[in-house]
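Shown next, in structure tokens, is the structure this report addresses.
The values are calculated or read from the model by the stated rules, or taken from the named source; none is laboratory data. This one's a predicted model, so the numbers in the text were calculated from it and none came from an experiment. Note that each Cβ is placed from the backbone with ideal geometry, even for glycine, and that neighbours are counted across all protein chains shown.
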Amino acid sequence: MSAPGLELRGVSLRAGDFAVREVSLAVPAGEYFILMGHTGAGKTLVLKAICGLQEVDSGEVLIAGRDVTDLDPCERGIGYVPQESGLFPHLDVGGNVGFALDLAGLGPEEAASRVEAVAREVGIGPLLGRRIRGLSGGERQKVALARALAREPRLMLLDEPVSALDERSRGEICALLERVHSERGLTIVHICHNRAEAEALGDRVGVMNAGRLESIEERSPAK
Amino acid sequence: MKPATKRDDSRTASRRRPGRRRWNSPLVVVCGGLLSLFVMMIGCLVAADVSYLLSKGTGWIHDLDSRVIDQVKFALRMSLATSLTTLVLIMLTAVPIGYALARFRFPGRSLVNTVVDAPIVLPPVVVGISLLAFFGYGAGKPLRMALDSLELSIGSAFGIVMSQYLVAVSYCIRSAKTAFQGVDPSLEQVARVMGCSEWRTFWRVSLPLAHHGIVAGGVMAWARAIGVFGPLMVVVGTGPRVLVMPTTMWLELSTGHMEVAVAIALIMLGLAGVALTVVHWLSPEGAAV
């Protein structure tokens, strides 16, 4: 039996007065897992702990069976789409998508063709030379998604990638996420607030409350 | 009652444009008036220098001893050479220090901030006296002897650079710190997850995003460095091999060459003007104007 794409074993951590307690979770490889909860429930903290951006007090984080708890964020091989896209304003769209591909061992030509391929896949080919400042919210999220995909991670973490978008862009990005997930067979952990969005996208939905993972619901038969 | 015509409506609309500032409001009169007075005051000082020189005509230049002209040329070269060396040292140190103050949390951080800002509020001559005390009597004495053996005497260009550095570096540190604080930390976090080490994140994200503020701080620090006077009078004096523009200006004034002093003052005003224009051009507000 293959190792889960992501596993949390009794993860506890503190950020100021707030604590996340004993979160245990196994996300099978290729699953689309939704993490829901009210604002301040601790979802983003858990995501940051998986990325390595938040220190874990106790417990273990395993990615594809490898214990990464003490690894630096840059060594975990994760694709990450933060809230509000987190695009680098000093780079153009192409620069963002190809950011740090040299660190993944790609030469300039290989990196350029990877950027073009991912841009086509996500539908931002014509935007590659554009500055970030002029992009719409939906375009920004697509660029952020392309940037995360360009490094070909096995695990993608999405922190409310559509919550700030209008309804049309939201539907477009959700459809794109669904397609990317099924075509690439990625393990995805996606934080969201919207129940309909969670049920449309997720194989399972975990609900957090006051720093605890309270329940995990199986996928709706409609999906 | 006369019905309102289309023309009346459009007039009313033009009078009540929301958000448009009224030029006769008390706030605009007080603040704008003071601003105008201040600009006029600076303008009057510059105009006074220019008109003084114009009133003297060009005859005084021909009457000058060639020694004085050589001295001024030397001072100009020395000022540029020492201030640019100081600028390099400032950029090499102020950027990492500014980053540390913007991003690191450590005990005694506010005290360190105060120490770093101290040269901004200290009278510059205090820096000179402290330098003299350090290299003359304190723990710096062995260091001075070591420097002497390398022909880097505190009374030479080395002393000029040290004085300029200590007076000016805080301006750049402050500017760099503010620039780094303006970089969204979440962008640095994204870069870390994307595979960049802390070091690479600094070079690829933090520094490019903060570079406007850093360059503006560097230019301000350079302008401050080239104008340093008090510490130089204490540390290096007015020997012929250590003259820079401010000390030459004072020397010429004290020997009755007012025209030369004013001419040097105008050159320094020009340099300061160029520096400030660059700073305003680099600042986001300036770019928007």
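A compact table of results
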{"quantity": "Hits in region A:171-223 (condition: among the basic types (Lys, Arg) and closer than 17 Å to residue A:5 by Cα)", "calculated": "A:184, A:204"}
{"quantity": "Residue count for region A:71-94, restricted to those that are more than 7 Å from chain B (Cβ to nearest Cβ), crowded, with 18+ Cβ neighbours inside 10 Å and part of a helix (DSSP H, G or I)", "calculated": "2"}
{"quantity": "Unmet requirement for residue A:53, which otherwise passes all of (1) over 13 Å from the mean Cα position of the chain (by Cα); (2) over 17 Å from residue B:186 (Cβ atoms); (3) not aromatic (Phe, Trp, Tyr)", "calculated": "(2)"}
{"quantity": "Which numbered condition residue A:102 fails, given (1) facing chain B (nearest Cβ under 10 Å); (2) of a type outside the set (Lys, Arg); (3) surrounded by fewer than 21 Cβ atoms within 10 Å (Cβ to Cβ); (4) not in a helix (DSSP H, G or I)", "calculated": "(4)"}
{"quantity": "In region B:221-252, residue nearest to residue B:168 (Cα to Cα) [restricted to those that are surrounded by 19 or more Cβ atoms within 10 Å (Cβ to Cβ) and among the polar types (S, T, N, Q)]", "calculated": "B:247"}
{"quantity": "Residue A:5 vs. criteria within 19 Å of the chain's Cα centre (by Cα) and farther than 20 Å from residue A:66 by Cα", "calculated": "no"}
{"quantity": "Subset tally (residues that are closer than 30 Å to residue B:77 by Cβ, touching a Leu at 6+ places or on another chain (Cβ under 9 Å) and surrounded by fewer than 16 Cβ atoms within 10 Å (Cβ to Cβ)) for region B:148-192", "calculated": "1"}
{"quantity": "Matching residues, region B:201-210, being at the interface with chain A (Cβ under 8 Å from one of its Cβ atoms) and either of a type outside the set (A, V, I, L, M) or in contact (Cβ under 8 Å) with a residue 24 or more places away in the chain (or both)", "calculated": "B:204, B:208, B:209"}
{"quantity": "Residues of region B:181-200 satisfying the condition of being within 13 Å of chain A (Cβ to nearest Cβ) and within 25 Å of the chain's Cα centre (by Cα)", "calculated": "B:182, B:183"}
{"quantity": "Residues within region A:25-52 that are of a type in the set (A, V, I, L, M), assigned to a helix (DSSP H, G or I) and away from chain B (no Cβ under 14 Å), tallied", "calculated": "1"}
{"quantity": "Which numbered condition residue B:196 fails, given (1) buried (at least 21 other Cβ atoms within 10 Å of the Cβ); (2) assigned to a helix (DSSP H, G or I)", "calculated": "(2)"}
{"quantity": "Verdict on residue A:129 being more than 14 Å from every other protein chain (Cβ to nearest Cβ), more than 25 Å from residue A:175 (Cβ to Cβ) and either surrounded by fewer than 19 Cβ atoms within 10 Å (Cβ to Cβ) or among the aromatic types (Phe, Trp, Tyr) (or both)", "calculated": "yes"}
{"quantity": "Search result, residues across region A:186-209 that are surrounded by fewer than 20 Cβ atoms within 10 Å (Cβ to Cβ) and at pLDDT 90 or above", "calculated": "A:203, A:204, A:207, A:209"}
{"quantity": "Residue A:188 vs. criteria touching a His at 6+ places or on another chain (Cβ under 9 Å) and either under 15 Å from residue A:33 (Cβ atoms) or not hydroxyl-bearing (Ser, Thr, Tyr) (or both)", "calculated": "yes"}
{"quantity": "Unique residue being within 14 Å of chain A (Cβ to nearest Cβ), crowded, with 23+ Cβ neighbours inside 10 Å and not hydrophobic (A, V, I, L, M, F, W, C) when the list is B:213, B:218", "calculated": "B:213"}
